[in-house]
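The values are calculated or read from the model by the stated rules, or taken from the named source; none is laboratory data. Computed from a predicted structure; not experimentally measured. Virtual Cβ from ideal backbone geometry, glycine too; neighbours counted across all protein chains shown.
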Number of protein chains: 2
Amino acid sequence: MALRRVSVIGSGNWGSTIAKIVGYNVSELSGFHNEVLMWVFEEEIDGQKLTSIINEKHENVRYLRGVKLPCNVVATPDVAHAAKDADVLIIVLPHQFLRRTCAQLKPVVKKGAYAVSLMKGLAMSGENGIRLLTDMIREELSIPCAVMMGANLASEVSQEYFCEATIGASDGKIGTELKSLFQTKYFRISIIRDEVGAELCGALKNIVAVGSGIIEGLGFKDNTKAAVIRLGFMEMRAFIFQFFGDRDPQEGTFLESCGVADLITTCYGGRNKRMGYALATSNQTLEELERGLDGQSAQGPLTAAEVHAMLKQRNLLDKYPLFTAVHKICARELPPSEFLSCLCNHPEHM
Amino acid sequence: MALRRVSVIGSGNWGSTIAKIVGYNVSELSGFHNEVLMWVFEEEIDGQKLTSIINEKHENVRYLRGVKLPCNVVATPDVAHAAKDADVLIIVLPHQFLRRTCAQLKPVVKKGAYAVSLMKGLAMSGENGIRLLTDMIREELSIPCAVMMGANLASEVSQEYFCEATIGASDGKIGTELKSLFQTKYFRISIIRDEVGAELCGALKNIVAVGSGIIEGLGFKDNTKAAVIRLGFMEMRAFIFQFFGDRDPQEGTFLESCGVADLITTCYGGRNKRMGYALATSNQTLEELERGLDGQSAQGPLTAAEVHAMLKQRNLLDKYPLFTAVHKICARELPPSEFLSCLCNHPEHM
């Protein structure tokens, strides 16, 4: 029987971290080809190609400095080459590049292959508001697409700190194979069937994290912050059941690493929380603040705007007072000091 | 129709805070007698009785300094007097005094009265391991007993910070009445039917908080901490369904303020987390550490010991690796550095 091949499409810090794990695991597992191709968007570092550096030094000096990759992880600048023989495509791109990359993958994807997305975010689709990144993969490539989500920052996983993740795979066989590829002694994995719920938790939590930062910036304490986090969690849940109810989301998903754990870490640390804090403690616009925060944009305000547009069009703003207030504060349409008064008549307390 | 009477049995910082809220609310509601009696364990402050000070200054200078109580909250040193005409008994005592107080209440409790417990903890009962504090109330007083739990520290609620609470009341009428007594503009309440789940979450979360402190003390970062909090949450849930499944606990309870929100705040702040941190960063025994931490004992190690005894007797320790490891670390039977290796084969990841 032919050995199965795994490729990693993307090589940022999370992609490189996962390539390290998968490279190690395939060399221990039977049934897999030993080589793991990793697609790298080519760039030059001190006159040398990044792919050459990775393949010589076994280190992604640009995005995951100081972490050794196994020798069987092979960088390639050619996405079609990386993908064409793969049975398992691990997709971990900055999500603005997804559409373009799908177009490049489409002609080469192997029959019977499947994808797993490690991306946290949403795509916009004009009419229906938001679109799942995995739906873009499923529809463009005509293959199944699972997800792996959870409270796992690349920096902590790459240093082999104990972390968890959730694999969402509607096909049980895919879930089991992915777990064998991803789990290590320090990186512990639960499998659920609910792909859609897991993916949406990963995207929506960023709105709540902005709210958590606003509360901190306003000087409120732990219990107020816990109340805001929980109300945000309830809006995530309501949103998923309201708009994706036909995709069979599960209550249990919210208690997985992709749910409550990812929410907690994002609300206590990370870029979106810092953005909320900054919004509450300055008069600058979102754009000005983003320029200040090392130039990287936070996902939360963007997701809040997308969700707000969707809710407004359907006259549902009053059912999601936290999502709505976060968006308005990001857009500077509402003073941060008014945040809590927007939550006083929350549907959860009716 | 006779006006209904509400009494508060207990006057620590949480009891006094609740008396403030209830005193204000009954004066605005129809159907309630304006006076709220509050039982105060009498003590002398600078030669003056605490009850007299409270009734003259309208401030509990001993346990809630700086917060004005409404004039209709009347302190009494006589618990039978406080209770005998009450239709609603709000019980908020240090729980080691509960048994004794129940014996004093038993002969005077009014027919048709009910109780609501605001206490977080467990009682030991020799044979079955743990016993609910509310079961002691129900059995000793032969009246229904609801609970109010949640992420709400007295200090924050008394300063009117926005907080949430969960009322667990199997009787819908009781739940509705209690909400009218407790809810304010800044103190927002959800009602659930699951009394038992709500109460147990409040007690068991303290074990998890010790674990969260251990992780912090060991120098691990956010995602490891989130993993530990979540695994603890899963053990709380498994424990409640395993041992109290016949009391009809509900999945939804874990997403209420009494569940996830109380867990989060307790794991990020508070005495139990500090105790865990101290256990991981010193060689002192639990007793030595408790003497150091302002002499107040933390509930978590005690609850962990009770739960451990119960699990051991039933050969279930391997289903609760986090509860077990926390107990062993508290008892100094396991080095804190071994904590995570106990979680590597967690049932959640099987």
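The residues in the stretch A:120-151 that are small (Gly, Ala, Ser) and within 14 Å of chain B (Cβ to nearest Cβ) can be counted, and the count is 2.
Checked against (1) of a type in the set (Gly, Ala, Ser); (2) more than 30 Å from A:Pro144 (Cα to Cα); (3) touching a residue at least 40 places away in the same chain (Cβ under 8 Å), A:Ala82 passes all but a single condition, namely (2). With respect to the conditions (1) farther than 19 Å from A:Met38 by Cβ; (2) at pLDDT 90 or above; (3) within 17 Å of the chain's Cα centre (by Cα); (4) buried (at least 19 other Cβ atoms within 10 Å of the Cβ), A:Phe162 lacks only one, and its number is (3). Among (1) under 18 Å from the mean Cα position of the chain (by Cα); (2) closer than 28 Å to B:Thr253 by Cβ; (3) without any contact (Cβ under 8 Å) to a residue 60 or more places away in the chain, which single condition is A:Arg271 missing? For A:Arg271, the failing item is (2). Among all positions in the stretch B:275-293, there is at least one residue which is within 21 Å of the chain's Cα centre (by Cα), surrounded by fewer than 24 Cβ atoms within 10 Å (Cβ to Cβ) and at pLDDT below 95. Among the residues making up the stretch B:182-195, a single one is away from chain A (no Cβ under 14 Å) and surrounded by fewer than 24 Cβ atoms within 10 Å (Cβ to Cβ): B:Arg193.
Criterion applied to A:Glu156, A:Glu177, A:Glu160 was being within 13 Å of chain B (Cβ to nearest Cβ), more than 23 Å from A:Met236 (Cα to Cα), of a type in the set (D, E, K, R) and touching a residue at least 12 places away in the same chain (Cβ under 8 Å), and the one residue passing it is A:Glu160.
Identify, please: which residue in the stretch B:218-256 is surrounded by fewer than 20 Cβ atoms within 10 Å (Cβ to Cβ) and not in a helix (DSSP H, G or I) and is, among those, nearest to the other protein chains (Cβ to nearest Cβ)? So the residue we want is B:Lys221.
Only residues that are basic (Lys, Arg) and in contact with a helix residue (DSSP H, G or I) (Cβ under 8 Å, 6 or more places away or on another chain): list them for the stretch B:292-327, please. Step through it out loud before you land on a result.
Within the stretch B:292-327, the first condition is being basic (Lys, Arg), and the residues that meet it are B:312, B:314, B:319.
Passing the criteria: only B:Lys319.
Report whether or not B:Tyr268 is more than 13 Å from chain A (Cβ to nearest Cβ), surrounded by fewer than 24 Cβ atoms within 10 Å (Cβ to Cβ) and of a type in the set (Phe, Trp, Tyr). Here the answer is no, as B:Tyr268 does not meet what is asked. Of the residues making up the stretch A:42-58, those that are surrounded by fewer than 17 Cβ atoms within 10 Å (Cβ to Cβ) and either in a loop (DSSP other than H, G, I, E, B) or not small (Gly, Ala, Ser) (or both) are A:Glu42, A:Glu43, A:Glu44, A:Ile45, A:Asp46, A:Gly47, A:Gln48, A:Lys49, A:Glu56, A:Lys57. Looking at B:Ala75, is it touching a Pro at 6+ places or on another chain (Cβ under 8 Å), part of a strand (DSSP E or B) and at pLDDT 95 or above? No.
The residues of the stretch B:213-249 that are touching a Gly at 6+ places or on another chain (Cβ under 6 Å) and modelled with pLDDT of 95 or more, listed by number, are B:Gly213, B:Ile214, B:Val228, B:Gly232, B:Ile240, B:Pro249. When the stretch B:206-217 is filtered for residues that are more than 11 Å from chain A (Cβ to nearest Cβ) and of a type in the set (S, T, N, Q), only B:Asn206 remains.
Restricting attention to the stretch B:122-137, does a residue exist that is closer than 22 Å to B:Arg4 by Cα and more than 18 Å from the chain's Cα centre (by Cα)? Checked the stretch B:122-137: no residue is closer than 22 Å to B:Arg4 by Cα and more than 18 Å from the chain's Cα centre (by Cα).
Checking the stated criteria, A:Gly202 turns out to be surrounded by 24 or more Cβ atoms within 10 Å (Cβ to Cβ), closer than 30 Å to A:Ser341 by Cβ and among the small types (Gly, Ala, Ser). Within the stretch A:128-149, residues that are over 18 Å from A:Pro94 (Cβ atoms) sit with their Cβ atoms under 7 Å from residues that are part of a helix (DSSP H, G or I) and at pLDDT below 95, at 6+ positions apart or across chains, in these pairs: A:Gly129/A:Glu306; A:Gly129/A:Ala309; A:Gly129/A:Met310.
If the condition is being over 16 Å from A:Val67 (Cα atoms), touching a residue at least 24 places away in the same chain (Cβ under 8 Å) and not in a strand (DSSP E or B), then the stretch A:6-41 contributes A:Gly10, A:Asn25, A:Val26, A:Ser27, A:Leu29, A:Gly31, A:Val40, A:Phe41. Taking the criterion of being among the basic types (Lys, Arg) and either surrounded by 14 or more Cβ atoms within 10 Å (Cβ to Cβ) or under 23 Å from B:Leu218 (Cα atoms) (or both), the residues of the stretch B:313-346 that qualify are B:Lys319, B:Lys328, B:Arg332. Listed by first and then second residue, the pairs linking a residue in the stretch B:244-261 that is at positive phi to a residue that is in a helix (DSSP H, G or I), with Cβ atoms under 9 Å apart and 6 or more places separating them unless they lie on different chains, are B:Asp248/B:Val196; B:Asp248/B:Gly197.
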